[in-house]
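Accompanying notes for the structure given below.
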Amino acid sequence: MVEPKYVAPTGTSDILSPEVERRNCIVDKARRLLGLYCYQEMIVPTFEHTELFVRGIGEATDIVSKEMYTFGDQKGSSFALRPEATSGIVRAFIEHSLYTKSMPQKYFCIGPMFRKEKPQAGRYREFYQIDVELLGAEQPSADAEVIALLMHIFQDLGLKNLTLKLNSMGCRICRAPYREELVGYLRKVEKGLCRNCRERIKKNPLRVFDCKVEGCRHLLREAPELISVLCAQCQEHFEEVKKYLGVMGPDYELDPKVVRGLDYYTRSVFEVVSPSLGAQNVIGAGGRYDYLVEDCGGPPIAGLGFAIGIDRTSLAMKRSGLKGYEDKSLDLFIITTSHHLRFETIKRLDILRHQGFSAEMDHLSRSMKAQMRLADKLRAKIVIFIGEDEIRKGVLGVRDMATSSQEEVPFEDLLDYLYQKLGRKEKWGARG
Ligand code: ATP
Ligand code: MG
């Protein structure tokens, strides 16, 4: 083996089989459910004007202040690789006047996100999210539907024993006096806080609840809680969300310490924690953002959504013994016993693939025995032999690998034979 000259950048990874199959399963199942809930897919750029994220996510957030990959162009514009997809979807929603259509509008986006974080298990610099947004409904039933959808996706993947944590972050009206009260408390305990949290007191005090440092967590146990000072409207909204969730099913835990890290959140916020992961155990999270569309230059339209971390979800599935994919097998392997029948072989292979069968042959002129081993390795259900004798007789040798029984099948009967043998009901668009 050679020493690699180039390796993937820190915090990124090559996703190989079978990990890639598990991730495809996550994405396929989520797409199916998102369809049932009437969401439309949207593909937004992987980079945007830096200003959009600064405005949308908030200058004082960890993401904007230290985690964004920014770069310029020849004209002096500044761009950033997207650290999340909500801002891009909201920008597109405004840019294409999608708010003129009937509400609510439901969008999702799947793809890579980029944050300059310290790489560790479950925390990468390039990671993947399924991002889901519902725009144009401030009613609590929308919150409940979005939260139920998030749990439905995890349930569909077979993940069990997850904890759904729920809180309300209030609105601008109730948050302002609370912020003052919290700052007062934090000033009192400032000496015991970590350097980051001390900085947060000035810039983004609510974010202290996100701190993972044990000393800070301990001091915050006594901190005033926003949930107990919500204004009447936010209180009522939250009560309704809980009632709707009550009839829809997903169990939840109220956790006044759940405070999402981005500035734009209002009212309902939620996180889903997996018991099988270590420190980075939140596999999906989201909340309501009733001011974001307006803050990004659009009309005052409410919104909410969530993002599922595909990397952590896949890890949680792996740790729970959930493969998420079927073991692959091959319908057919064609073996040729004679080198000059390779043209005939590749022609048959092409016809069979166009008929919808997964099929393979050997390209390396291996011996019969080695070709047979390859067919075994690929878990071929049927092996077809093409040799001089067979061609002369107008037949093909067909071996059922499960029973090891072999028979001769006339050329013209092969497709029907295979449809029957492999349990296919429909023929694909025929060719050749
Ligand atoms: P954390 O508190 O773990 O940093 P976050 O609040 O920054 O998470 P969000 O912005 O809410 O995360 O993103 C939603 C989900 O995306 C997270 O719950 C997590 O599963 C995943 N995620 C976020 N950052 C990363 C990362 N750097 N690497 C892998 N997954 C991530
Ligand atoms: Mg983070």
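Quick one: count up the residues across the range 342-362 that are polar (S, T, N, Q) and either assigned to a helix (DSSP H, G or I) or open to solvent by 50 Å² or more (accessible area, probe 1.4 Å) (or both).
1
Taken over the range 146-157, the criterion of being in contact (Cβ under 8 Å) with a residue 12 or more places away in the chain and over 19 Å from LEU254 (Cβ atoms) is satisfied by LEU149, HIS152, ILE153, PHE154, ASP156, LEU157. Within the range 316-333, residues that are closer than 10 Å to GLU21 by Cα sit with their Cβ atoms under 8 Å from residues that are part of a helix (DSSP H, G or I) and of a type in the set (Val, Ile, Thr), at 6+ positions apart or across chains, in these pairs: GLY324/ILE26. Of the residues screened, LYS243 is not one that is open to solvent by 60 Å² or more (accessible area, probe 1.4 Å), assigned to a loop (DSSP other than H, G, I, E, B) and modelled with pLDDT of 90 or more.
Scoring PRO300 on the criteria (1) under 19 Å from LYS165 (Cβ atoms); (2) without any contact (Cβ under 8 Å) to a residue 40 or more places away in the chain leaves a single failure, condition (1). Per this entry, LEU159 is not counted among residues that are away from ligand 1 (no atom under 16 Å from the Cβ) and hydrophobic (A, V, I, L, M, F, W, C). You will find that of LYS116, LYS66, the residue that is modelled with pLDDT of 95 or more, over 23 Å from LEU245 (Cβ atoms) and within 15 Å of ligand 2 (Cβ to nearest atom) is LYS116 and no other. Of the residues contained in the range 171-179, none is found to be of a type outside the set (D, E, K, R) and at pLDDT 95 or above. For the range 394-409, the set of residues classified as exposed (fewer than 12 other Cβ atoms within 10 Å of the Cβ) and outside any strand (DSSP E or B) consists of GLY394, ALA402, THR403, SER404, listed by residue number. Looking at the range 127-211, the helices (runs of 4 or more DSSP H) lying wholly inside it that each contain 2 or more residues that are aliphatic (A, V, I, L, M) and surrounded by fewer than 20 Cβ atoms within 10 Å (Cβ to Cβ) sit at 172-189. Just so you know, in the range 53-96 the residues that are among the aliphatic types (A, V, I, L, M) and touching a Cys at 6+ places or on another chain (Cβ under 7 Å) include one that is farthest from ALA307 (Cα to Cα), and it is ILE94. Annotation: of all residues in the range 260-280 being open to solvent by less than 10 Å² (accessible area, probe 1.4 Å) and β-branched (Val, Ile, Thr), the one that is nearest to ligand 1 (Cβ to nearest atom) is VAL272. For the range 19-44, what are the residues that are in a loop (DSSP other than H, G, I, E, B) and loosely packed, with under 14 Cβ neighbours inside 10 Å? Listed by number, the residues that qualify are CYS38, ILE43.
Residue-wise test of (1) open to solvent by 60 Å² or more (accessible area, probe 1.4 Å); (2) at pLDDT 95 or above; (3) not in a strand (DSSP E or B).
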| site | (1), (2), (3) |
| --- | --- |
| MET317 | no, yes, yes |
| GLY324 | no, no, yes |
| HIS340 | yes, no, yes |
| ALA370 | no, yes, yes |
| LYS381 | yes, yes, no |
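Screening GLU412 against (1) open to solvent by 40 Å² or more (accessible area, probe 1.4 Å); (2) under 43 Å from the mean Cα position of the chain (by Cα) leaves a single unmet condition, (2).
The values are calculated or read from the model by the stated rules, or taken from the named source; none is laboratory data. This structure is a prediction, so every number in the text was calculated from the model and none was measured. Using ideal geometry, Cβ is built from the backbone for each residue, glycine included, and neighbour counts are taken over all protein chains shown. Please note that ligands, DNA and RNA were not included when accessible areas were found on the heavy atoms of the full protein model with its side chains. Shrake-Rupley method; radii C 1.70, N 1.55, O 1.52, S 1.80 Å.
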